[in-house]
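Just below is one structure, and these are the notes that go with it.
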Amino acid sequence: MDQDRDRPRRRRRRHRHRSGEDYISGLPDELLRSILLRLGSARAAARTSVLSRHWRHVSANLPELVFGNGMPTAPATSFLNVVDGALAAYTATNLETLHIIVPTDGDNGFNGIPARHVVPWLRFAAERVAGELVLLMPPVQRPPLHEPWPEPEVDWEEYVLELPACERAETIVLRLHHHWWLRLPPAGGVFTALTSLTILFATMKGSEITALVSERCPCLRNLRLCLTLVYASDVSIRSDSLRSLSYSVTETQWLEVMETRRLEVVTPRLENLFVRAHIDEARFSVPKLQRVVWRAAAYNPQRHRFDGVGRRLRLLDLGESFTVTPLMQEFNEVDELILGISTPRGSGVHEIFFNETNKMPKCKILRISLRWNKHGLAPVILHLLRNCSSTKKLSVQLVDSCGYSSGKHCWSTSLCRLEESRRAKGVALNSLEQIEITSHESSQEELLEFVEQLLSICNAAVLKKLVINYTAFFDPSRTKTVCKKMRRMCHPNTELEVYEFSDGGCVRFY
């Protein structure tokens, strides 16, 4: 009986063998696509054509093409041939995902790929991609410190890259080269479906940035630009759909001018703003603004204006620039305020800082990164807390950039000499519930002294937690003693956590 049931199967196998048909070719196309997609690489999928002629048709119709993701490093010519061949053989009209991640191995010639080789890739994407386009070029290898940068080529046409309108693409991420000049086609075209656009490390004209964002991306919600300007330019970003904007203008060795003369942002729905650029003048009409990260060289209320913005933010991050503190005075209340403090020595400079931070917004979370020596540590923290008495969480990161623990004396111009900074008078933190201190350079004695000063101005009944994070350079035999001293400083109801960071990771010590 069993032999009778096996006879049809044997006949089918003999028929496939005589006709040259393989077992794989009989599988449904949907199943074959699922198998090829699990390979995670268009190059690997293309190689499977040796298993079956039918697979060649399937691999040319995949909804996703991924190049460079986990692929073994090969010479640049080989990689480029694989990408060119796969795109030329592709027959489907809709491609959901196209990722081309060029390897970063400069020794194999990847740094020398010209812009003109990428042009047909972008044209293919404009015709086929109906989802996500990601093109990541390798970063340019910097020469050794003792060697100068190579002189830029004079013929800019070698570096021109045209960005055609990808009407159906929803997400575009481009990481190019600073010396590639990204242009818009004169014929126009609209990125109709585009909601997220990222362009990193390219050169553009300010007028073309304006045209791209304000005229050709009607549905754009998220925009991230890290560019070099061809010359000092005006940039205007007007969008009714934009929710998040990151605008960064960087320096290069190829262009001497990269500043923005005037930046205008008129976006009624914008909530998140990141700015890193030298901007002469700026106007932001952003009534729904919630988060600001300001990394510009300076903030001058006379030249940089926020129009129609509410007086409350969820986040204000001012980085480490001493010249941007006036931006705080634009707002009355901030949920989270991040300050990086790094100023030159000298009583005159310190007094300017104290005066400009006398008025600070109310904040629930205050994060401070301090880069002064130990003589400026307590005075600065006490001054800021005096003006942020409603803070519920304080995070202090202590980083030594100029000999934090090495100074054993006070100069006459030190902060310690300022009358206001010598005591904690007038500082009462009745709302502070959590303190977190991260220390990389301070000694145990200095850390203990700082913790004691902070605890002396806290309401012991309100403070719930004290967290200490430190780099593992303390004497292990004394660390437990230090923890016990901190425990005695704290109220019995205050939870103490001490974490040690080392090459092996993070370990809770106490």
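The values are calculated or read from the model by the stated rules, or taken from the named source; none is laboratory data. All values derive from a computational prediction rather than experimental measurement. Because the Cβ atoms are built from the backbone with ideal geometry, glycine has one as well, and the counts that use them run over all protein chains shown. Remember, those area values only see protein heavy atoms, side chains included, never the ligands or the DNA or RNA. Shrake-Rupley method; radii C 1.70, N 1.55, O 1.52, S 1.80 Å.
Annotation: residue 175 fulfils all but one of (1) more than 28 Å from residue 63 (Cα to Cα); (2) crowded, with 17+ Cβ neighbours inside 10 Å; the unmet one is (1). Taking the numbered list (1) modelled with pLDDT of 90 or more; (2) closer than 30 Å to residue 219 by Cα; (3) assigned to a strand (DSSP E or B) in turn, residue 364 passes all entries but (2). Out of curiosity, is residue 301 open to solvent by 30 Å² or more (accessible area, probe 1.4 Å), in a loop (DSSP other than H, G, I, E, B) and out of contact with any helix residue (DSSP H, G or I) (no Cβ under 9 Å at 6 or more places or on another chain)? Spelling it out, it is not the case that residue 301 is open to solvent by 30 Å² or more (accessible area, probe 1.4 Å), in a loop (DSSP other than H, G, I, E, B) and out of contact with any helix residue (DSSP H, G or I) (no Cβ under 9 Å at 6 or more places or on another chain). Of the residues making up the range 274-296, those that are surrounded by fewer than 16 Cβ atoms within 10 Å (Cβ to Cβ) and in contact with a helix residue (DSSP H, G or I) (Cβ under 7 Å, 6 or more places away or on another chain) number 0.
Taking the range 431-445 as the range and being open to solvent by 10 Å² or more (accessible area, probe 1.4 Å) and touching a Ser or Thr at 6+ places or on another chain (Cβ under 7 Å) as the test, the residues that pass are 431, 436, 440, 441, 443.
Considering only the range 214-230, I want to know if a residue exists there that is part of a strand (DSSP E or B) and over 20 Å from residue 294 (Cβ atoms).
Going through the range 214-230, the residues part of a strand (DSSP E or B) turn out to be 222-229.
Adding the requirement that they be over 20 Å from residue 294 (Cβ atoms) leaves 228.
Yes, the range 214-230 has at least one match.
With the condition kept exactly as written, say whether any residue in the range 274-289 is assigned to a strand (DSSP E or B), farther than 15 Å from residue 244 by Cβ, without any contact (Cβ under 8 Å) to a residue 60 or more places away in the chain and small (Gly, Ala, Ser). Let's see the steps before the verdict.
The first filter runs over the range 274-289 and keeps only residues assigned to a strand (DSSP E or B), leaving 274-276, 279-285.
From what is left, the residues that are farther than 15 Å from residue 244 by Cβ are 279-283, 285.
Then keep just the ones that are without any contact (Cβ under 8 Å) to a residue 60 or more places away in the chain; that gives 279-283, 285.
If we keep only those that are small (Gly, Ala, Ser) as well, we get 282, 285.
Within the range 274-289 (the criterion being assigned to a strand (DSSP E or B), farther than 15 Å from residue 244 by Cβ, without any contact (Cβ under 8 Å) to a residue 60 or more places away in the chain and small (Gly, Ala, Ser)), the answer is yes, since at least one residue qualifies.
Please identify the pairs in which a residue from the range 290-307 that is within 19 Å of residue 340 (Cβ to Cβ) has its Cβ atom under 6 Å from the Cβ atom of a residue that is among the aliphatic types (A, V, I, L, M) and not in a strand (DSSP E or B), counting only partners at least 6 apart or on another chain. Within 6 Å, the pairs are 294/318; 294/324; 294/327; 296/277; 299/324; 299/327.
Take the residues in the range 481-496 that are in contact (Cβ under 8 Å) with a residue 24 or more places away in the chain and out of contact with any Phe, Trp or Tyr (no Cβ under 9 Å at 6 or more places or on another chain); name whichever of them is surrounded by the most Cβ atoms within 10 Å (Cβ to Cβ).
Let us first name the residues in the range 481-496 that are in contact (Cβ under 8 Å) with a residue 24 or more places away in the chain, namely 482-483, 485-486, 489-491, 493-496.
If we keep only those that are out of contact with any Phe, Trp or Tyr (no Cβ under 9 Å at 6 or more places or on another chain) too, we end up with 485, 489-491, 493-495.
On the way: 485: 13, 489: 17, 490: 18, 491: 15, 493: 10, 494: 21, 495: 12.
Taking the candidates together, the pick is 494.
All but one of (1) crowded, with 18+ Cβ neighbours inside 10 Å; (2) closer than 23 Å to residue 100 by Cα hold for residue 213; state the number of the condition that does not hold. If we test residue 213 against (1) crowded, with 18+ Cβ neighbours inside 10 Å; (2) closer than 23 Å to residue 100 by Cα, just (2) comes out false. Checking residue 448 against (1) open to solvent by 60 Å² or more (accessible area, probe 1.4 Å); (2) modelled with pLDDT of 80 or more, which test does it fail? In the conditions (1) open to solvent by 60 Å² or more (accessible area, probe 1.4 Å); (2) modelled with pLDDT of 80 or more, residue 448 misses (1) alone.
Residue count for the range 309-334, restricted to those that are crowded, with 18+ Cβ neighbours inside 10 Å, outside any loop (DSSP other than H, G, I, E, B) and out of contact with any Asp or Glu (no Cβ under 9 Å at 6 or more places or on another chain): 3.
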